[in-house]
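**Student:** One structure, pasted below without further comment.
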Amino acid sequence: MIPAEFDYLAASSLDHALDLLGEHGDEAKLLAGGHSLIPLMKFRLAAPSVLVDISRLTELRTLDRSDGVLRLGAGLRIRDLELSPVVREQLPLLAAAAASVGDRQVRARATIGGTVVHGDPAADLPAVLVTLDATLVLRGPAGRREVPAAEFFVDFWETDCRLDEVLVEIVVPALPGRRWGFQKFRQRSQDWATVGVAVQETADGQHAVGLVNMAPVPWRASAVEDALRAGASADEAAGHAAEGAAPPSDLRGDSAYRAHLARVLTAQALSEAGAS
Ligand SMILES: Cc1cc2nc3c(=O)[nH]c(=O)nc-3n(C[C@H](O)[C@H](O)[C@H](O)COP(=O)(O)OP(=O)(O)OC[C@H]3O[C@@H](n4cnc5c(N)ncnc54)[C@H](O)[C@@H]3O)c2cc1C
């Protein structure tokens, strides 16, 4: 499988990348880790005539902690998140989910920005960021704008990142010492999730719940959260996991099986996170 012909341009800075996007319009695509874009190009599901490589921009690989939040540069590799002592301490759910992505080679190249903008509902980190109430920071010709993760994922492989914008940063409230759970059911150890569940104990002692691969977008299981707030037990609340979701049917399982998995895994993740 060989992609259609394209020009390769390496951006020397974020401003340069924005200039190149402006110059080449909808012919251009940003290249980060390339682990989603290049396969799409090989299958001819995408055929950009220009690739703007942002993978070497150190200004996108920053990781800062201040004022109770973590600021994650969009160019951080998934392995950076898995190994960072700061992420492990402040957002252990994110570090654990990062460690579950693909294999070590994938994690060493793929970026958090790429997985977010690509918007695959089977990806792990988007659902975790929705659970953690993250905010996505984008830069484009009109300047900077911020979008809550809950509003960023529009549909299958469709996100609110415009063609002339770069996702520069992901801002996540830090939650050191709070309990969490992460469950990922897959057929083989390095597979994508058939279904995944992320649970985070919030600063006010409630539980936020997000689901992987249960809808065309990363899914916040608000019916589970509402049931817990209303006094349901964790097991009772987990029974609501598939409510409102639209799980796909494919070779890994049909939608009824995924709904069943979501209930079972949610009960396990809630238990890990200390929800009673
Ligand atoms: C073998 C394999 C196994 C995998 N297993 C898993 C798994 O278990 N779980 C999981 O979640 N994922 C998995 N992945 C997916 C992998 O995590 C994604 O490919 C990766 O996250 C995409 O990031 P990237 O940096 O490679 O993006 P790219 O492929 O470079 O880009 C993806 C899209 O995002 C755009 N983009 C990238 N960065 C930016 C930015 N900063 N601003 C704006 N647009 C941007 C690109 O233009 C493109 O449209 C797997 C991939 C492979 C190849």
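**Student:** When only Cα pairs under 8 Å and 6 or more residues apart are kept, what is the percent relative contact order across the chain? Each step should come with its number before you reach the end.
**Tutor:** Numbers: 628 pairs, mean separation 42.2, N = 276.
That works out to 15 percent.
**Student:** Just need log10 I(q)/I(0) for segment 6-58 at q = 0.18, 0.22, 0.23 Å⁻¹, Debye formula, equal scatterers on the alpha-carbon atoms, no solvent, rounded to two decimals.
**Tutor:** -0.52, -0.76, -0.82
**Student:** Here is a further query. Given H placed on each backbone N at 1.01 Å, which residues far from Leu76 in sequence or on other chains put an amide H within less than 5 Å of it?
**Tutor:** Residues meeting the criterion, in which the H sits 1.01 Å from N, are Ile112, Gly113.
**Student:** A follow-up question, please. For segment 180-272, calculate the relative contact order in percent as a whole number, restricting contacts to Cα pairs under 8 Å that are 6 or more residues apart. It would help to have the intermediate numbers written out before the result.
**Tutor:** Details: 182 pairs, mean separation 28.7, N = 93.
That works out to 31 percent.
**Student:** Let me ask something additional. For segment 92-159, what is the charge dipole size about the Cα centre, in debye to the nearest 20, if Lys and Arg each add +1 at the Cβ and Asp and Glu each add -1 at the Cβ?
**Tutor:** So the magnitude is around 380 debye.
**Student:** Of all the C-alpha pairs in segment 180-272, what % are more than 15 Å from each other? Can you show the working numbers first?
**Tutor:** On the way: 2281 of 4278 pairs.
Taking all Cα-Cα pairs of segment 180-272, the fraction more than 15 Å apart is 53 percent.
**Student:** Order the peptides 142-155, 213-226 from the highest to the lowest mean number of other Cβ atoms within 10 Å of their residues.
**Tutor:** Numbers: 142-155: 14.7, 213-226: 23.0.
Packing order, densest peptide first, comes out as 213-226, 142-155.
**Student:** Follow-up question, since we're still on this one. Name the residues whose placed amide hydrogens come within less than 5 Å of the amide hydrogen of Ala134, ignoring near sequence neighbours (fewer than 5 apart) on the same chain.
**Tutor:** The list, which skips near neighbours in sequence, is Ala149.
**Student:** Could you calculate, for segment 1-135, the ratio of the Cα radius of gyration to the Kirkwood radius, expressed as Rg to Rh? Present the calculation step by step, with values, prior to reporting the outcome.
**Tutor:** Numbers: Rg = 15.4 Å, Rh = 15.6 Å.
Using Cα coordinates only, the ratio equals 0.99.
**Student:** Per DSSP H run of n ≥ 4, the term is -39500 (n - 2.57); total these for the chain, divide by its residue number, and report the mean residue ellipticity at 222 nm rounded to 500 deg cm²/dmol.
**Tutor:** On the way: 12 runs with 93 residues, N = 276.
After summing the helix terms and dividing by residue count, I get -9000 deg cm²/dmol.
**Student:** Would you order Ile112, Ile2, Ile38 from fewest to most other beta-carbon atoms within 10 Å of each residue's own beta-carbon?
**Tutor:** Details: Ile112 28, Ile2 7, Ile38 14.
Lowest count first: Ile2, Ile38, Ile112.
**Student:** Would you compute, for the Cα atoms of the chain, the largest minus smallest coordinate along each principal axis and list the three values in descending order, in whole Å?
**Tutor:** So the extents along the principal axes, rounded to whole Å, are 56, 45, 32.
**Student:** Quote the charge dipole size of segment 58-173 about the Cα centre in Debye, to the nearest 20; the model charges only the Cβ of Lys and Arg (+1) and of Asp and Glu (-1).
**Tutor:** Working: 13 positive and 18 negative charges, 94 e Å.
Dipole size: approximately 460 debye.
**Student:** Which helices, counted as full DSSP H runs in the chain, have an axial Cα extent of no less than 20 Å and a Kyte-Doolittle average of 0.0 or above? Provide the component values of the computation, followed by the final result.
**Tutor:** Numbers: long enough: 255-272 (25 Å, 0.10).
Membrane-span-like by this rule: 255-272.
**Student:** Cα-based Rg (one decimal) and Dmax (whole number) for segment 119-229, in Å?
**Tutor:** 14.7, 45
**Student:** When the C-alpha atoms of segment 83-174 are aligned to their principal axes, what extent does each axis show, in angstrom, from largest down?
**Tutor:** On the principal axes, segment 83-174 reaches 35, 25, 21 Å in Cα extent.
Taken together, the values in this text are just the output of simple stated rules run on the coordinates, not laboratory data. If you're wondering where the values come from, they're calculated on a predicted model, not measured in any experiment. Cβ sites come from the backbone with ideal geometry, for glycine too, and all protein chains shown count toward neighbours.
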